[in-house]
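Undergrad: Right, I'll just put the structure down here and ask away after.
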Amino acid sequence: MTDATASAIPPAELDVVAVGNAIVDVIAHADESFLVEHELAKGSMRLIDTEQAGRLYDAMGPGSESSGGSAANTMAGVAGLGGRAGFVGKVRDDQLGEVFAHDIKAIGVEFVSPPAAEGPPTATCLILVTPDAQRTMNTYLGTAGLLTPGDIDPAFIASAEVTYGEGYLWAEPGAKAALTHAFATARAAGRRTAFTLSDSFCVDQNRAEFLELLDGHVDIVFANEAEICSLFEVDSFDAALAEVRARPGTWALTRSSRGSVVVADGVVHVVAAAHVEHVVDTTGAGDLYAAGFLFGLTHGLGFADCARLGGIAAAEIISHVGARPEAALTDLVPVDLRVLLT
């Protein structure tokens, strides 16, 4: 991009706009035997139909409900850090749709997608948390999966410095097309794009298409260790890192207690994990890491500091049940980072 081209791009009204599945989470604790009984692979995400959702919900123990969805959780984190965030997703005009819309607007995220007047109900994700804090997700997509390119407002996308999307959208052709349209719109407007691989299940199912998408259409990639190894079909993180270093763009790779590694145009930044007294529930850890990273990136931080802020946000999430922050994230930003934020 030339200096003349950059100067012609209007200032961004929003820091990040995300395109994703609008989901209401139902979170309950379960032991290992429950997962075995219901043939659930611990730590995975699977799509379920209406009948499966009803059967599993009836078998689950007492749970808590909260608005969720991977990309929506990330926008909640951006807003919680004081950023300007927007979200594009589809809900039905039912009770859960009202809950989702109210929750995301109440935390300061711009959500202008109108509810659908017909079709399946608002999406739900039944999340089982085992004693080791691993979460096993069972997602009924409902109306969320009916997102299409027609739901993308070009002006809304172009108003954001970064457009962010989730790999979970590849479950439905229309939703996949909606995100690729949003990315094309953002890049045509001179903005940046960011993408999370979401889950090893998504990578295994869509590897070729993900690689094609990342080749020239995405500026910033988020993945955990299992996802990046699956993407390149290698057995070790070091082998995956070698693949990443040969590619352009920015890659933010999380490694749980070992922190994260950021590769930006071949340069590697290794950042330690933030301290957590007790890990309760890993739901949303990657989502909030992306939130901290993107907030830092759109407010002038260098890559290592973006990763550090992402780790701080992720540490808050895994210290309690649920994928939305309970503490004020702004209070967790250390002074040395705060003075660098623009």
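Please treat every number below as a calculation from the coordinates, not as lab data. Just so you know, these numbers come straight off a predicted model, no measurement behind them. Cβ sites come from the backbone with ideal geometry, for glycine too, and all protein chains shown count toward neighbours.
Undergrad: For each of Leu146, Leu329, count neighbouring Cβ atoms within 10 Å of the residue's Cβ, then give the residues from fewest to most.
TA: Leu146, Leu329
Undergrad: Please identify the trypsin sites (Lys or Arg not before Pro) of the range 74-179 that satisfy two criteria: DSSP loop assignment and at most 12 other Cβ atoms within 10 Å. Which are they?
TA: Loop-located and lightly packed - none at all.
Undergrad: Which one of Ala160, Ala59, Ala313 has the biggest mean-square fluctuation once the chain is modelled by GNM with Cα springs under 10 Å?
TA: Among Ala160, Ala59, Ala313, the largest mean-square fluctuation in the Gaussian network model of the chain belongs to Ala59.
Undergrad: Once you have the Kirkwood Rh of the range 121-184 from its Cα pairs, apply Stokes-Einstein at 20 °C and 1.002 mPa s and quote D in µm²/s.
TA: For the chosen part, D equals 160 µm²/s.
Undergrad: Quick one: what are the phi-derived ³J(HN,Hα) couplings along the range 161-174, Karplus 6.51/-1.76/1.60 with θ = phi - 60°, whole Hz, x for glycine and proline?
TA: Running phi through 6.51 cos²θ - 1.76 cosθ + 1.60 with θ = phi - 60° gives 5, 9, 9, 10, x, 10, x, 4, 5, 6, 5, 10, x, x Hz.
Undergrad: As a test, work out the antiparallel percent of DSSP beta bridges whose residues both lie in the chain, rounded to the nearest 5.
TA: So the antiparallel bridges in the chain amount to around 40 percent.
Undergrad: Restricting to DSSP loop positions (anything but H, G, I, E, B) with no more than 14 other Cβ atoms inside 10 Å of their own Cβ, which chymotrypsin sites (Phe, Trp or Tyr not before Pro) remain in the range 149-248?
TA: none
Undergrad: Using a Cα-Cα cut-off of under 17 Å, which lysines could be cross-linked to Lys105, ignoring same-chain neighbours fewer than 8 residues away?
TA: Lys90
Undergrad: Let me ask something additional. Whole-Hz Karplus ³J(HN,Hα) for the range 107-121, in order, using 6.51 cos²θ - 1.76 cosθ + 1.60 and θ = phi - 60°, x for Gly and Pro?
TA: In residue order, the calculated couplings are 8, x, 8, 6, 9, 10, 5, x, x, 6, 8, 8, x, x, x Hz.
Undergrad: So for the range 189-253, considering every pair of alpha-carbon atoms, how many percent are separated by more than 13 Å?
TA: Above the 13 Å cut-off, the range 189-253 has 60 percent of its Cα pairs.
Undergrad: Further question: Rg(Cα) of the range 153-201 divided by 2.2 N^0.38 Å?
TA: Compactness ratio reported: 1.13.
Undergrad: Please build a GNM for the chain, connecting alpha carbons under 10 Å apart, and tell me which residue among Gly174, Gly86, Gly61 fluctuates the most.
TA: Gly61
Undergrad: Now for a separate question. Give the order of Glu212, Glu172 when sorted by the count of other beta carbons within 10 angstrom, beginning with the fewest.
TA: Fewest to most other Cβ atoms nearby, the residues stand as Glu212, Glu172.
Undergrad: Please report, in cubic angstrom per residue, the volume enclosed by the convex hull of the alpha-carbon atoms of the range 251-342.
TA: That works out to 87 Å³ per residue.
Undergrad: Ok, one more. Long-range amide H contacts for Arg92: which residues qualify at under 5 Å (H placed 1.01 Å from N, peptide plane, sequence gap of 5 or more or a different chain)?
TA: Gly97, Ala116, Thr122, Ala123
Undergrad: Ok, one more. Skipping prolines and chain starts, which residues have an amide H placed within reach, meaning under 5 Å, of the one on Glu161, given they are 5 or more residues away or on another chain?
TA: Long-range HN contacts for Glu161: Leu14, Asp15, Val16.
Undergrad: Ok, one more. Would you calculate a helix-derived [θ] at 222 nm for the chain, using -39,500 (n - 2.57) for each DSSP H run of n ≥ 4 and dividing by the full residue count, to the nearest 500?
TA: -11500 deg cm²/dmol
Undergrad: Still on this structure: Along the principal axes of its C-alpha atoms, what lengths does the range 207-301 span, in descending order and rounded to whole Å?
TA: The Cα atoms of the range 207-301 stretch 39, 34, 23 Å along their principal axes.
Undergrad: Quote the relative contact order of the chain in percent (integer), defining contacts as alpha-carbon pairs under 8 Å separated by 6+ residues.
TA: The value is 18 percent.
Undergrad: What's the Kirkwood radius of the range 61-164 in Å, using all Cα pairs?
TA: That comes to 14.8 Å for the range 61-164.
Undergrad: Related question: Give, in whole angstrom and from largest to smallest, the semi-axes √(5λ) of the equivalent ellipsoid of the range 1-149, with λ running over the eigenvalues of the Cα gyration tensor.
TA: Semi-axes, largest first: 33, 18, 14 Å.
Undergrad: Seen from all sides and averaged, what is the projected area of the convex hull of the Cα atoms in the chain, in nm²?
TA: Orientation-averaged projected area of the Cα hull: 16.3 nm².
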